[in-house]
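The values are calculated or read from the model by the stated rules, or taken from the named source; none is laboratory data. All values derive from a computational prediction rather than experimental measurement. Here Cβ is always computed from backbone atoms with ideal geometry, including for glycine, and neighbour counts include all displayed protein chains. Note: areas computed on protein heavy atoms with side chains; ligands, DNA, RNA excluded. Shrake-Rupley method; radii C 1.70, N 1.55, O 1.52, S 1.80 Å.
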Amino acid sequence: MVSTHPTGVQHSGSQYLPPSRSTEANASPNQELLPLTARVHHHDFLQIGGCDVTTLVKQFGSPLYILDEETLRLACQQYRDAFKQYYKGESQVLYASKAWNCLAICAIAASEALGIDVASGGELYTALQAGVNPEKIYLHSNNKSREELLFATESGCTIVVDNWHELKTLIEIAEKGVPLTASLSPRIMLRLTPGIECHTHEYIRTGQIDSKFGFDPNELKELFTFVSKQSILNCVGLHAHIGSQIFERQPHRDLAALMVDWLRDALKCGLNLTELNVGGGLGIKYIESDDPPSIEEWVKAICEAIQEACTSENLPLPKLLCEPGRSLIATACVTAYTIGSSKVIPEIRTYVAIDGGMSDNPRPITYQSVYRAVVANKMSFASTETVTIAGKHCESGDILIHNALLPKTEPGDILVVMGTGAYNYSMASNYNRLPRSAAVLVANGEANLILQRETYQDLIRQDRLPERLKI
Ligand code: LLP
């Protein structure tokens, strides 16, 4: 077994191996490092979803995102089942598609009876194109354009209004009457800043008072009174989100209780609301020392807090929504890279370079995020080398993993980085004009392409060369 220091540095031993399990074992995907279908076969080779990883790379190219359908579906089911078990009222789990928004993933989430949280017109368009019922789509963002608000209103999705500017723009849109649907009244929720701090990277904290998101909690009375008078708006509930990659349950319990207070205050201002959306935020295990609660434990904590608060306030249970992203999709995906050059700097460091980096996974350079990796064609080899996994971008900071403990590698070996389903493809760029990688969905030994690899032609598709510059 690999042992891990709390700093995330690995110490001696073999490579990380997938735990042996029967397919029925009910692990919580966010507490695992590898997708649940990961196995070692033919002694040395990593298999996911019944597909050999090295064969997938030969077939679909490198780098390659490999998404395990079973792990994703199990995470969806665990959220859904936990709400059924612990909440006495109505509930709806939304997939926060900012984690990874594409047609296939929206379709899988919808087929598991999840709704979709979208954060822009582009994400909304994708969800609609995937066939998601607009009644189960919720649009976020702190600065939705008039066009986005119009698009959302016409589509019939729910708009999570973030500020006064959006509120007033929506009223204008509604008063003018949206073409084709004259009597349409936008279905909205109000996003409030909860003022709850949690322990996570400052860039992914959102709940503190000094946040760009949501209405200031000091103006709730004015807000609720104003909205209660807008008969043209169909305001159904309240929303808040405290941050992402959170391991503590208490901030989520506190949020739940606070939101019930807001519900009571809204009622007092004449605004009769029936829905609460507590956001997302449950963390995942990126390295061995990470210890997030399970999906079930997280849902249970929230349901209990809402139910207790409603009982003590003597309020009926609201429809309860949540919108996890990372904990649904991160562990379901790995990224496979091909190892190329290496550089040994005696007594300092050995760099091993892969054929991707900050363009396909910007999280290490943005948040100093830590990842684990294995060599997919050397699964039974002992880990004997501590190396720095470098990306191929022209930037010294393009380091994917510091101090990775791996078997001795050679050019052509396949490095698999775990936990890359969330905020990797969705934050990918074309830095240095690297084409975006392909993604395949694997299940029962079958692999389907869900995102095609970009080509050099794709890279210049939006370029225009003015006549006078032509050589
Ligand atoms: N709801 C709202 C309103 C959000 O802003 C977010 C994430 C979520 C739900 C989903 O949170 P999750 O369950 O995934 O933690 N790019 C950063 C994460 C940014 C999170 C943005 N909002 C990262 O790579 O860590």
Subset of region 39-56, residues at pLDDT 95 or above and at positive phi, comes to G49, G50
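Got a sec? Which of F226, F247 is in the same structural domain as E197 (by TED's automatic domain parsing), out of contact with any Cys (no Cβ under 7 Å at 6 or more places or on another chain) and within 14 Å of the ligand (Cβ to nearest atom)?
F247
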T409 passes all but one of (1) open to solvent by 10 Å² or more (accessible area, probe 1.4 Å); (2) away from the ligand (no atom under 16 Å from the Cβ); (3) not in a loop (DSSP other than H, G, I, E, B); (4) not aromatic (F, W, Y); which number fails?
(3)
Answer with yes or no whether K212 is out of contact with any helix residue (DSSP H, G or I) (no Cβ under 9 Å at 6 or more places or on another chain), within 16 Å of the ligand (Cβ to nearest atom) and among the charged types (D, E, K, R).
yes
Can you name every residue in region 27-49 that is open to solvent by less than 40 Å² (accessible area, probe 1.4 Å) and in a helix (DSSP H, G or I)?
P29, N30
D360 fails exactly one of the following numbered conditions: (1) more than 22 Å from the chain's Cα centre (by Cα); (2) within 16 Å of the ligand (Cβ to nearest atom). What is the number of that condition?
(1)
With a cut-off of at least 1 residues that are in the same structural domain as Y125 (by TED's automatic domain parsing), name the helices (runs of 4 or more DSSP H) lying wholly within region 50-111.
69-86, 103-111
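What's the total number of residues in region 322-338 that are over 21 Å from G280 (Cα atoms), among the β-branched types (V, I, T) and open to solvent by less than 10 Å² (accessible area, probe 1.4 Å)? Write out each step before concluding.
Of all residues in region 322-338, those over 21 Å from G280 (Cα atoms) come to 334-338.
So of that shortlist, the ones also among the β-branched types (V, I, T) come out as 334-335, 338.
After this cut, where a residue has to be open to solvent by less than 10 Å² (accessible area, probe 1.4 Å) as well, the list is 334-335.
So the answer is 2.
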Looking only at residues that are within 11 Å of the ligand (Cβ to nearest atom) and out of contact with any Asp or Glu (no Cβ under 8 Å at 6 or more places or on another chain) in region 118-142, which one is least open to solvent (accessible area, probe 1.4 Å)?
V118
Scanning region 143-191 residue by residue, those open to solvent by 10 Å² or more (accessible area, probe 1.4 Å), of a type in the set (D, E) and modelled with pLDDT of 95 or more turn out to be E147, E148
Pairs returned, first residue in region 63-82 that is of a type in the set (V, I, T), second residue that is in a helix (DSSP H, G or I), beta-carbon separation under 8 angstrom, 6 or more apart or interchain, are I66/V53; I66/L56; T71/P29
Could you give me the residue pairs with C-beta distances under 9 Å whose first residue belongs to region 355-372 and is in a helix (DSSP H, G or I) and aliphatic (A, V, I, L, M), whose second residue is within 15 Å of the ligand (Cβ to nearest atom) and open to solvent by 20 Å² or more (accessible area, probe 1.4 Å) wherever it lies, and which are 6+ apart or on separate chains?
I365/M358
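Collect the residues in region 266-322 that are in a helix (DSSP H, G or I) and of a type in the set (D, E), keeping them in residue-number order.
E296, E297, E304, E308, E313
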Just to check your reading of the model, which residue among S341, S312, S359 is in the same structural domain as V417 (by TED's automatic domain parsing), more than 19 Å from L34 (Cα to Cα), of a type in the set (S, T, Y) and loosely packed, with under 15 Cβ neighbours inside 10 Å?
S341
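Can you tell me which of A96, A113 is more than 14 Å from L67 (Cβ to Cβ) and open to solvent by 30 Å² or more (accessible area, probe 1.4 Å)?
A113
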Scanning for something more than 15 Å from the ligand (Cβ to nearest atom) and more than 18 Å from N430 (Cα to Cα), does region 366-373 turn up at least one residue?
yes
Restricting attention to region 362-386, and to residues there that are among the β-branched types (V, I, T) and open to solvent by less than 10 Å² (accessible area, probe 1.4 Å), which single residue is nearest to N403 (Cα to Cα)?
V374
Check off (1) open to solvent by 40 Å² or more (accessible area, probe 1.4 Å); (2) aliphatic (A, V, I, L, M); (3) farther than 29 Å from G280 by Cα for L459 and give me the number that stays unchecked.
(1)
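Would you say I401 is aliphatic (A, V, I, L, M), under 28 Å from G280 (Cα atoms), open to solvent by 40 Å² or more (accessible area, probe 1.4 Å) and touching a residue at least 12 places away in the same chain (Cβ under 8 Å)?
no
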